[in-house]
Structure formats: C-alpha cells, structure tokens
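To keep things clear, I will list the structure first and then write my remarks on it.
Quick note: the coordinates plus some simple rules give every number you see, no bench work behind them. Source: prediction; values computed, not measured. Cβ coordinates were reconstructed from backbone atoms using ideal geometry, including for glycine residues, and neighbour counts include every protein chain displayed.
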Amino acid sequence: MKKTLLAFLLLVTTSFTYAQVTTSPTTFNTSEAVTITVNILSTETNCNTLSNPSKVYMHSGIGDDANPWGYNVIGNWGTDDGVGEMTNNNNGTWSITITPKTYYNLTDAQANSATKIGMVFRNAAGDQELKATGCSDIFINVGTFQVTLNSPENNSTTLITSGGEITISASNTSGNANYSLVANGTVLDTKTNITSYTYTHTNITSNQDYALTVTQGTNSTTKTFSALINPGVLTENMPNGLENGINYNTNDATKATLVLDAPLKDVVYIAGSFNNWSPSLDYAMKQDPTSGLFWLELTGLTAGKIETFQYWAIDETPITNSPVMVKTADPFSTLVLSPFDDPEISSETYPNLPEYPSGQEREVTVLQTGKADYNWQVTNFEKPKKEDLVIYEVLIRDFDANRNIQDLIDRIDYFKNLNINAIQLMPIMEYEGNESWGYNTSFHMALDKFYGTENKVKEFIDLCHQNGIAVILDVALNHAYGRNPMVRLWMEDADGDGWGNPSSENPYFNQEATHSYSVGSDFNHQQARTQYYVKRVVEHWITEFNIDGFRWDLTKGFTQNCTASDENCTNSYQQDRVDILKQYADYSWDMDSTQYVIFEHLGQDSEEQEWANYKIDEGKGVMMWGKMTDPYNQLTMGYASDSNFERMGSDAHGFVANRLVGYAESHDEERLMYKNLQYGASSGTYNVKDLNTALQRMEALGAITLTIPGPKMIWHFGDLGMDNSIYTCTDGSVSTDDSCKLSTKPQPQWTENWLGDESRTAVYTTWSKLNKLKINEDVFEGEYTITSGDLTPRIRIWNSDLASTDLNDVVIIANFDTTIQTINPDFPSNGTWYDLMDETGNTSISATNAIPLEPGTFKIYGNHIPQSLSVDEVVHSDSFTIYPNPSQNSFKISTASTHLSVFDITGKLVKQFKGHFTTTHSFNVSELKSGLYIIKIINSIGQENTSKLIKI
C-alpha cells in the first residue's frame, strides 16, 4: 500500500499574508486583471521543495473566508497541461496574470461574494510543491473592500466564564463603513461611518452566536464567531453498559447517549441539528469520575429521523501550537457527512443522501434512532475452508463504470462462473476524497458513501453468501489520516487552519512513526485506547455486516521498537508486533471462530511463522500474503533467470499448515500482461509481445499458481489478461513515474467487451476450471513439490489421506519457453494419467510418455478422473420430480435429499433448506412471488440435480 495524495480543500479561521507571494495591484476585484508573483527562493517556508524547476504551476481555487477553495479549483495536479502554468522572470520569481471571474468561471453571485483565493505552487510533475510556513495553503484577499476581524478570530469560538465578557474589534479598507453586531438573532450594537470598530459584550450568561456585518455602499461582509460558557466540571456517574460513541436506547427511540473519551479536555459541548448547532449549557457533557469519560443522554429525538452532530472539545490551557477548541465528528461514527466529498456522490449510488448542515465545517456524525435492521437472507453462512480459498481482490472504484457496490451485485455471475469462493474488497471505510484506493482512512467504522449505502453493501455480502462466496475486508489500521477525530482532538495546529499532526499529548498516535513504511499518522498499538478502538472496528464489521474476515494492511507498522529511518529494524523480528497482532487475531476469533485473518506483512519467515502456526491445532492460524510477482512475470515474459517460485507454497516459509495467500498479481504490483507486451521474449515467429500469445501464457500461469495447495489470490481482471499498466492515468496514458499509480483506471474489460474476445475468455475459462478443481478436489489440500527456476517448471501434488480409488496425485507441467519443448512429467507411478482439463475424462496418457509442449502451454494430469469433473453438465439417471408443479404454497420431491436450494431466474439464491429430507417432507415457499424458479438438490449419495418449479 502506497501513500495517497491528499486533497487541498481546507477550511481556515484566520487570514494570512505571505512575503513570497505578491499581487499587482495590491487590491483587486474579481473583474480586474491581477498578476500573482511567487518567489520560489523564499526561505520563509519549510515546504519549499521547488528545486530549479523547468516549469512552475499555480494550483488555485477561489471562495469565501470559510472556504477559499469552495467556488472552483483550477489545476490538474501532476499534469503538465498548461493549466495554471506561470512565466519565469529569471530572478527566482514566477508570475501569472488572471482575471478571477473568467479564470475561475464564476457566476455573478460568486464573483460578488468571493473574498479569498487559495493556492499552492508545484513543478510540472507535481512531486515538488511550495506552501506557506507550517505547510498550509497560501491565501490572498480578493476585493478592494476588505474587512479584518482582529478579535476574536473569524469562525472562532471563545470560552468564557458565566458573567464574563468578550471584546470585538474589526477594521475595514476603502473608507468609512457601517457596522452591525448581532448575538443570537438580537442586535447588540450598531455604528456608522467608521473604519475601526470596537465593542465589549459584558455579563454573558449563555452561549452566544455572533454575526458582525460590515457594509460599505453596495458591498457587505459578515464575520461570524461564538462564545461558550465554561460550565466547569460536571461530574456524574455514567450509567452502566455504555461504550464510546453512540449508544442507542433499545427501549426508547427518543433517547440516545453519547460517550467520548477525551483526556486532557476540560469541557465538551454537543452541537447538532437537535439544538440548531447552537448548544446551550444543557448540552455540556458530564464527566464520569471513575473512567474520565464524557457522556450525555440526548432526549426528545424522533424515531427514524436523521440528526447530525459534532463534539466541540475545549482545552482551556493547551500546549504550544495546539488549539483551544476542536470541532469533530465522533471517532466511532458509522456514518459521517463531509462538506468536501459528499457533493460529488451521485444520487444513483447513494439515494437520499442526507444534506450536510449549513454553516458547519468538517465532518459531522449521523445519528438515527429506531433504524430498521437489514433483513439477512443468509444467517448461517458456512465459510469455505482456508485451504480451498480462491480470493478475488477488488477495487470497487475500478471494477465497473458506476464505481459503486451495485456494479459488483450486477456482475455476481462473473464471480460465480470464475468459480472463486471469496472476494476481498480494498478498503471501503470512510477515507479522504472519493476516488481513492481507500488506504487514507479517516473513520474506520463508517462506510465510504462513494460506494453506496450500508444496506446496499449488506445486500452484496448477503448475495455473495447465497452463492457460497465469502467476503473479506481490507482494513488499514496501521494509521489514520488528518480528518480522523483522534488525530484532530490532540493535534499540533501552528497555522490555525484546523488541521494538524498528532501532538505530544495524543493518546492514540505517535508523533514520529516507529517503522520505516509510514503513511498518515502512525497508531501506537501499545496504547490501551488504540487497542480498544481496533477491537471496536473489528466487532462492528463482523456483527453489523457479517464480514467473513479481514486483510490487515501494513502489519510491519504495528511495532513501537523502530524509527522511520531504520528499515532493518522494521523488517526484523519484533516481539511487540507479534504479540499485539496475535491479540487482534484472538479478538476476531472470539467474535467468530471461523473468521479469516490475513496479514500483509511480507517480512521474515521467523515472524510470519508465529502467526501462521498460531492455534493451528484449533483450525485457525493467520494467513499471510505471499507476493511472487517477479518470478512469475519472468516466466510469462519468457526469461528463466530469477524464475524460481518455490515460495508460492507455505512449506518454503516454514508454516505448519497451508496458510500462505500466494499471488502473482496484487493491487500494488505492475500488471504481468503489461510487462509481457512491453518486454516479452521472442524466437522466430513466436513473440511474447503479441497480445494473443501473451494471453495464452496467462492460461499457463494459472496452472502453476492456483493449483499449489493453500489459499490463492487473483487481482481483478488478471483472469482476462488485464494489460493496463498500474501507472495508467485517467486519460489512458502511462506516467513515466508513479504519479498515476493511484489514478482511476479505464474500463476496457467492459467497454471493449473482453468477455466476447476469444483469447481473453480463454484465460477466464481456464482459470475457472482450475479453480473448480482446486476447491472441489481434496488432493489440492495435500503435499506438494515444486521444481522451478527454468522455463519448464513442474509441480506434483498428492494427498496420502485419500483412498487409492480417489484422485490423490496430480502432476502439472508447463512450457514458458518460446520454442516447443519435450518434457518428461516424471509421473510418480505407472499406469494411466488423465488430462484434468478435458471435462469429458477421455484424454489420457501412459506414465512412460514424454510430452511435447508448445510454447506458452501446460498440462495437468491426475491418476484418476476427479469426482467433480463436469458435474454441472452430467445428467444423472436418478433425476427427481417436483409435485405438485405448479405449486402454490409448498411442494415435495421424489427423492431423499440433504440440501435443497431455490434460485430465481436471474440465478439469485432466494431460499435454502438443509437437513435430511425424505420424500414425505414438504418444502414451504409460500412467501415467494409467483414465477419460474430453479430447484437444485444434493441427494443422499451426494449427487447434484436440478429441475424447474412454477410458483403460482
């Protein structure tokens, strides 16, 4: 997992001037031309990394004081397209001349109300930038009429004692103006024809929302700020049974209790839609004297009504560079609204998305009492065995055109026909921005709305379970990003823009990462609060979404023993990391003993063995990611060097059982097909760079990856020979650096109908057959040997626990050379060996035969015809009858069975019966709609049969 570019949309509470940026003229309106000049040699900023750039770009936006980027943003980060390009003055300065109204394409209303331009400067590639001191964005004023609120700061909140006072001072440019101060809707003071304003509001006994409006002719500007009464410590015992976050009252939908763990904070108010975002003293949270937790019961709520809220947490004596007050959503939110991301979410993806509350800033938490539970169709899903797993890794954003979870629901047959039995979703938790890989997570318990609603995700999981497919979530709990409430509650914010990194007081995060792969803010997993948070995240997704397991991202970062610069330490055995990750695995298994636990560690065998072998006698054990991209890509390109793939199996890592999720491709690696086409070998007329030739070699890749005992993984569309580079940009071009790695990818697999392409479908069909064999035949859970390191690898797989009449021995050979090769399969026994890719079972050879293999092909032989071979196509002699048919409420069948499944005409499982059913048993389908259904049974001897039912 790599670092994600952060969004530039920031809210500000104060105005700045910068010596490194000047404007000519000094003041200007949106309809006037202005020349903006930046001095890249300025030493005022520690973010000046523009080192002798050939080009400088201004990435900028325009808006008002609350959001200087809010009206429009101009610039395409990392793209050398001329948009925002500046002129070199050859003296260390660069300039650009714009007319704001036309440059930012403003409406008349926006042009009249715009007060700020925000900007960041970059080189052409976007890998160097210039910001202001403290690494904040640079802001300049717009308009000849400017108002400065000197005290208190604009959009600020001041904490005062009851009966105290607050002094308001402001000034304006361009001559005399009229001032009007309003508090809680009542005019407090007016002054006319002045340029400098002062007023002291005394004897304040209730919370106040102020608006200072300054008018000069037709120009008018309003500055807003607030004052909160310090209620002192409101000590009261918290009721038993509450946990951090929202606690819904199961007996009374008009009530909910909020709990916040906020050590070192003196006062916490709850502001929300239920108090018009103007909290009175009644909304000051109480503090439990034993735990120190802040809590407050909300009353008078309406069942089913969506409410929104924030915590306003106050520290009366903050440490240097930390704010007095932080406004934040709940750390344990399960749904948040964002002023940054929500406007880009389509109504098709998220119908009836709640509106972000006007006048607020940053994320808010959604609260809804009396919410109806999802009606799960499958409540007792039996997960596939770990040894049989074929996991399909999916980035929802790049799966199909709508980039949402509905795309996966609509394509369920694509997964079923490939015969995979698990889908691993890259992070779907609320992350910063919309079009992301998801590893820049901010709220680990909230679904990112860009992918759909909670119920839609549950529908997808339910549908997968109906079709025997497990769902695994990729979760990034090594770190969190700046919108995370636990970062912001204890942050350094020297520039006062409301964002920052963890301070020395932060009880969750390290100020400096304790490993060498840091992204975002680094969690301290030795802290009890962090451990509690992680366990709550695990609990939420298991209990609320019926998730079958987690893939833990970047587990190397879970140590406290190293430094950011010491990669040797990070990659060495760390006992604290071993222990805490075992603890998290145990918690998952306590919730559900069959949970899949997968670590992306990619580290030393000695450490991975501790997890893979952990509680293996209980059928558990952690599964470890096993990257084998490079050796496999050497083979598919046609090169023998560095092509040893023995570590694709668990044995090479010293695991007691098959607990290695081996893969040739993942989201983090270059596509094999891209390198095949760019760098493939050739001999005579055989050229790996030819598309159809390269695709055929991907069929052979499946044979020497998917069959090896233990769980395996496919990166989405590897099964169709996806040949887009990982560095493909949104426009289809390929970047020369890694700047487009995280970019949204084109969708040729659908737009070009790859399923109608014979060469691409051949890969899909071959892998589907291989998956079917792996999942259904127990031989693939046995022992194995791998002979590799040249272009004709051989794999033998056998299972001594199986009967002599069963398929218990398999030999796989392949030719990745560019010329025909005659290969001795070295069969372990004499007799007949059957070609397992021939579903008729009619192709066989003698064990003494040497096999000529064309380049890029393979053979997989077994010592018996497998039981699962072509089971879907076999017509059994003991077919069954349904009666009565048509049926109204119930039916019986003419044979004994152990399983009966009812599918609608789309292939969706709608009802299921499990047990030992005789011919007298009646199957009730009264709740089903009228129509045609497919009935599938497993009879008493394990055979599958299907028939049709008409429901009237």
- What pairs from LYS689/LYS774; LYS383/LYS772; LYS386/LYS627; LYS416/LYS772; LYS383/LYS892; LYS772/LYS936 go past 21 Å between their alpha carbons? LYS689/LYS774; LYS383/LYS892
- At the level of C-alpha centres, the distance separating segment 610-636 and segment 561-589, in angstrom, is 17
- Length gained if THR198 through THR898 is fully extended, taking 0.36 nm per residue and subtracting the Cα-Cα distance, is 243.6 nm
- First select every other residue whose beta carbon is under 10 angstrom from the beta carbon of TRP715; then total the charges, Lys and Arg +1, Asp and Glu -1. -4
- How are the C-alpha pair distances of segment 142-296 spread across 10 Å bins, as whole percents from the shortest bin up? 10, 32, 25, 18, 11, 4, 0
- Query: Quick one: if you stick a label point 7 Å off each Cα along the C-beta vector at ASN89 and ASN352, how many nm between them?
  - Reply: 5.7
- Message: Helix-only estimate, please: 222 nm mean residue ellipticity of the chain, summing -39500 (n - 2.57) across DSSP H runs of length 4 or more and dividing by its residues, to the nearest 500.
- Response: -4000 deg cm²/dmol
- Note on the structure: Taking a ≥ b ≥ c as the square roots of the eigenvalues of the Cα gyration tensor, with a/c under 1.5 meaning rounded and otherwise prolate when a/b exceeds b/c and oblate if not, segment 245-367 is oblate
- Quarter of Cα convex hull surface for the chain, i.e. mean projection, nm²: 44.1
- Identify the residues of segment 284-298 with backbone N under 18 Å of a label point that sits 7 angstrom from the Cα of VAL233 along the Cα-to-Cβ direction, or state none. 284-296
- Item | Computed FRET value (nearest 0.05) for SER926 with ASP630, which takes r as the C-beta separation and R₀ as 60 Å | 0.55
- Task: Provide the convex hull volume over Cα atoms per residue for segment 777-862, in Å³.
- Result: 95
- Task: Order the peptides 631-637, 368-374, 776-782 from the highest to the lowest mean number of other Cβ atoms within 10 Å of their residues.
- Result: 631-637, 776-782, 368-374
- Note on the structure: Treating only Lys and Arg (+1) and Asp and Glu (-1) as charged, each at its beta carbon, one finds that the chain has a dipole about its Cα centre, in Debye to the nearest 20, of 1320
- Please give the per residue volume of the convex hull enclosing the alpha carbon atoms of segment 21-141, rounded to a whole number of Å³. 96
- Task: Would you mind computing the Rg to Rh ratio of segment 882-951 from its alpha-carbon coordinates, Kirkwood style for Rh?
- Result: 0.92
- Query: Between GLU944 and ASN501, what is the FRET efficiency for a Förster distance of 45 Å, r being their Cβ-Cβ separation, to the nearest 0.05?
  - Reply: 0.20
- Here segment 388-627 gives, from Cα atoms, an Rg and Dmax in Å of 18.0, 56
- In the neighborhood of ALA271, defined by Cβ-to-Cβ distances under 11 Å, what is the net charge if each Lys or Arg adds +1 and each Asp or Glu adds -1? 0
- Inter-site label distance for TYR639 and ASP592 at 7 Å from Cα along Cβ, in nm: 4.3
- Would you please calculate the Kirkwood hydrodynamic radius of segment 650-802 over all C-alpha pairs and express it in Å, rounded to one decimal? 17.1
- Query: What nm distance separates the two modelled labels at ASN842 and THR22, each placed 7 Å from Cα along Cα→Cβ?
  - Reply: 8.8
- Query: How do the peptides 829-837, 647-655 rank, highest first, by the average count of neighbouring beta carbon atoms within 10 Å per residue?
  - Reply: 647-655, 829-837
